[in-house]
Amino acid sequence: MTTAAAGKFLVDLAERLTVCCDPGTIRAVLDRACGRQLDSHAPDGRRASTLTVSGIPFEASVSGRGGQFSPTLRYATETATQEMEFGSRITAQIAAIRDLVAWLPNGDDNVADMFQSFVETLYPDPAKVPARHGFATWLGLVHPAETPHHAARLKLYGDPTIVPGALHRLRSAWPGFAELAAVPDHDTLFKPAIAAIEVNARGEVNHKIYSRARYNDVALPMKLVRYFGDAAWELLSEFVRCGVDAATLYQHDVMICCARGAGTTEFSLSLVATPNNDLTEVVRELATRHHGTTHAVDALAHAAQSCGARLTYSALGLGFSPETGIGKLNVYGAPTWDAA
């Protein structure tokens, strides 16, 4: 897969979502974010990225709440996926992050330093991390119509399980992580999966910790409700109302996200697609209820088709906040090309 193909897909998707962003900006940001490398396999034959099932380090998404979809262009990618040494990937990824900060309306060295500090807190000595650890960082970009020549959000994801003590270091160095009500450290069913920080156009920072189940356990829904109360109950119930079988819900790949930023907190649950778990019908029902239409989720598929690709709905995420109840619905799609 080439960055030209992915850029064409994003420009097409932006038009379908009525996001009046500059196509040149979209392509330039993508090129820097992925390092112009979107091959599905690394030189050693392994998947180039764990971001998607195909190994292509590229995934788009649409979002919305309250009966409306959001006219924003959203995607995630990864740079330096062809670097075989973990330390080399980290060096290249930090350089990309620092360059991408310049595309934020208020991006400056302080923001770039913050992102670099996040990476260095997760991985204090990257050279000592074995090369078998493929996932170092992912990048998330958001382009809204309001900033046609800039990105409005920059997100950075990392793995807190590679170097022992990463979550403790994050909580010690970053109050935003310390205040998150994540899964208890002693829990045997759930494990930390991802830590992330996000900066928006105003310079506000959002902190996130993701967890997922280590194995399928019928107790999963019960434990979620025990730890997160009404928020978990409401989201699980909404999944069931939209077509997920309550009896087999525990068999799904469930991702938990606890987020805090700008004085607000949000809890979200995501269902991740697997080869035996097509999310299409659930996606369409949830989109009808929370976006008010299937237009945005259809736009993902239609943009892929127009560019000669096939799209798989790779995940869906539903959020809950104490102030608004069930809120944002995110739907993720991974386009694949036959040559990938």
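The values are calculated or read from the model by the stated rules, or taken from the named source; none is laboratory data. All figures in this text were calculated on a predicted structure; none of them were measured in a lab. All Cβ positions, glycine included, derive from the backbone under ideal geometry; neighbour counts span all protein chains shown. These area figures cover heavy atoms from the full protein model, side chains too; ligands, DNA and RNA do not enter into them. Shrake-Rupley method; radii C 1.70, N 1.55, O 1.52, S 1.80 Å.
What the table shows:
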{"quantity": "Cα gyration tensor shape for segment 165-247, rounded if a/c is under 1.5, else prolate or oblate", "calculated": "oblate"}
{"quantity": "Net dipole in debye of segment 251-340 [+1 Lys, Arg Cβ; -1 Asp, Glu Cβ; about Cα centre; nearest 20]", "calculated": "160 debye"}
{"quantity": "Where Rh is the Kirkwood radius over Cα pairs, Rg/Rh for segment 1-146", "calculated": "0.98"}
{"quantity": "Three-way shape call for segment 70-171 based on the alpha-carbon gyration tensor, with the a/c threshold at 1.5", "calculated": "prolate"}
{"quantity": "Within segment 77-114: backbone nitrogen closer than 15 Å to the residue 125 label point (7 Å, Cα to C-beta)", "calculated": "87"}
{"quantity": "The chain, helix-only ellipticity at 222 nm - DSSP H runs n ≥ 4, -39,500 (n - 2.57), divided by all residues, nearest 500", "calculated": "-10000 deg cm²/dmol"}
{"quantity": "Rounded to whole Hz, the Karplus (6.51, -1.76, 1.60) HN-Hα couplings of segment 117-127, x for glycine and proline", "calculated": "4, 4, 5, 5, 6, 5, 10, x, 9, x, 4"}
{"quantity": "Proximal lysines relative to residue 128, as straight alpha-carbon distance under 25 Å, when same-chain residues fewer than 8 apart are discounted", "calculated": "191"}
{"quantity": "Simple spin-label estimate for residue 306 and residue 251 in nanometres, 7 Å along Cα-Cβ", "calculated": "3.8 nm"}
{"quantity": "Spatially proximal aspartates and glutamates relative to residue 208 (Cα-Cα < 15 Å; intrachain offsets below 8 disregarded)", "calculated": "159, 179, 198, 266"}
{"quantity": "C-alpha center-to-center spacing [segment 162-213, segment 274-340] in angstrom", "calculated": "25 Å"}
{"quantity": "Directionally averaged projected area (convex hull, Cα atoms, the chain), nm²", "calculated": "15.5 nm²"}
{"quantity": "Solvent accessible area, Å² - residue 20, 1.4 Å probe, full protein context", "calculated": "100 Å²"}
{"quantity": "Calculated FRET efficiency for the pair residue 168/residue 98, C-beta based, R₀ 30 Å, to 0.05", "calculated": "0.70"}
